[in-house]
1. More than 15 Å from the chain's Cα centre (by Cα), among the polar types (S, T, N, Q) and more than 18 Å from A199 (Cβ to Cβ): which single residue out of S5, S35 fits that description?
2. Tell me which of these I14 doesn't satisfy, since it passes every other one: (1) surrounded by fewer than 22 Cβ atoms within 10 Å (Cβ to Cβ); (2) modelled with pLDDT of 95 or more.
3. Being away from the ligand (no atom under 13 Å from the Cβ), more than 27 Å from L196 (Cα to Cα) and crowded, with 17+ Cβ neighbours inside 10 Å: is that true of I78 here?
4. If A228 meets every condition in (1) touching a helix residue (DSSP H, G or I) at 6+ places or on another chain (Cβ under 6 Å); (2) modelled with pLDDT under 90 apart from one, which number is that one?
5. Restricting the first residue to the range 154-173 and requiring it to be of a type in the set (S, T, Y), which pairs with a second residue that is within 13 Å of the ligand (Cβ to nearest atom) meet a Cβ separation below 6 Å and a spacing of at least six or different chains?
6. I need every pair where a residue in the range 199-213 that is part of a loop (DSSP other than H, G, I, E, B) has its Cβ under 6 Å from the Cβ of a residue that is away from the ligand (no atom under 13 Å from the Cβ) and among the hydrophobic types (A, V, I, L, M, F, W, C), sequence separation at least 6 or different chains.
Amino acid sequence: MLKISNLEVAYGGIEAVRGIDLEVPEGSIVTLIGSNGAGKSTTLRSIVNLVKSKSGSISYFGEELMGLDTTKIVDKGITLVPEGRHVFPDLTVLENLKIGAYMRKDSLKEDIQMIYNLFPRLEERSWQLAGTLSGGEQQMLAVGRAMMSRPKLLMMDEPSLGLAPLVVKGIFDIIQTLNKEGMTILLIEQNANSALKIADYAYVLETGKITKQGTGKELLNDESIKEAYLGKS
Ligand code: ATP
């Protein structure tokens, strides 16, 4: 579905991504783990052309994305839930969800109900201003809003950041539910343990390079990964 070859991205003279190859097969969950500043967010942002790539190729169903406008890329079914919870604080929950579907003209009712079924908390609070939601609720809303564009490929940048363990579990359950319903997922996580458990395939990124890859299970059992990312217990 998505095939990245030899991608390089630099900010000024500083190379954040140094020639990576990465594949996301349709229907899979792929995760990208790595320490702070490794280039994970930069990789996702370059896929939707929020940062300009220096060289390489980003092919989506065989079509080159590099250089296309972000809106054109989103139109093709790729959505990014960025790090941090970018909801519109002065709009209600329901208004935030409707904005997620701004490019669609068909009926939204069914999709809003589907999101409310996944996140009953949002339904209870549909008239509440998003800025007054708790951190976990805002994250649910950010995920829900991304789903309103009905992406084929949902990319999530650290959805569990700063959330309580129970909420993290809820988010990971929902990622799996979306995947079972056919959505392809590319996930960045600091919480490597949870991410590897649900991932079909995983890449480890260190200072802009892929240093290791394998199935989620393989990396969960890899001694060097355990030491660097999973704690020693
Ligand atoms: P984290 O887990 O901390 O979010 P990350 O793996 O997502 O890290 P990136 O955010 O992709 O890492 O950053 C990679 C490198 O690029 C870092 O050294 C960062 O300081 C640098 N960088 C990111 N954005 C910019 C920018 N807009 N201008 C200059 N340098 C940047």
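The values are calculated or read from the model by the stated rules, or taken from the named source; none is laboratory data. A quick note: this is a predicted structure, and the numbers were derived from the prediction, not measured. For neighbour counting, all protein chains shown are included, and Cβ atoms are generated from backbone atoms with ideal geometry for every residue, glycine included.
1. Details: S35 fails: more than 18 Å from A199 (Cβ to Cβ).
Exactly one of S5, S35 is more than 15 Å from the chain's Cα centre (by Cα), among the polar types (S, T, N, Q) and more than 18 Å from A199 (Cβ to Cβ), namely S5.
2. The number of the failed condition is (2).
3. Numbers: away from the ligand (no atom under 13 Å from the Cβ): yes; more than 27 Å from L196 (Cα to Cα): no; crowded, with 17+ Cβ neighbours inside 10 Å: yes.
So I78 does not fit the description; no.
4. (1)
5. Matching pairs, first to second residue: S160/N191.
6. Sorted first by the residue in the range 199-213, then by its partner, the pairs are A199/I29; D200/I29.
Matching residues to (1) surrounded by fewer than 22 Cβ atoms within 10 Å (Cβ to Cβ); (2) not in a helix (DSSP H, G or I):
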{"residue": "G144", "(1), (2)": "no, no"}
{"residue": "M155", "(1), (2)": "no, yes"}
{"residue": "G170", "(1), (2)": "yes, no"}
{"residue": "I174", "(1), (2)": "yes, no"}
{"residue": "G182", "(1), (2)": "yes, yes"}
{"residue": "I185", "(1), (2)": "no, yes"}
{"residue": "S194", "(1), (2)": "yes, no"}
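A quick yes/no check of all residues on (1) outside any strand (DSSP E or B); (2) of a type outside the set (A, V, I, L, M); (3) crowded, with 21+ Cβ neighbours inside 10 Å:
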{"site": "N6", "(1), (2), (3)": "no, yes, no"}
{"site": "R18", "(1), (2), (3)": "no, yes, no"}
{"site": "L22", "(1), (2), (3)": "no, no, no"}
{"site": "E26", "(1), (2), (3)": "yes, yes, no"}
{"site": "V30", "(1), (2), (3)": "no, no, yes"}
{"site": "T43", "(1), (2), (3)": "yes, yes, yes"}
{"site": "K72", "(1), (2), (3)": "yes, yes, no"}
{"site": "G84", "(1), (2), (3)": "yes, yes, no"}
{"site": "N96", "(1), (2), (3)": "yes, yes, yes"}
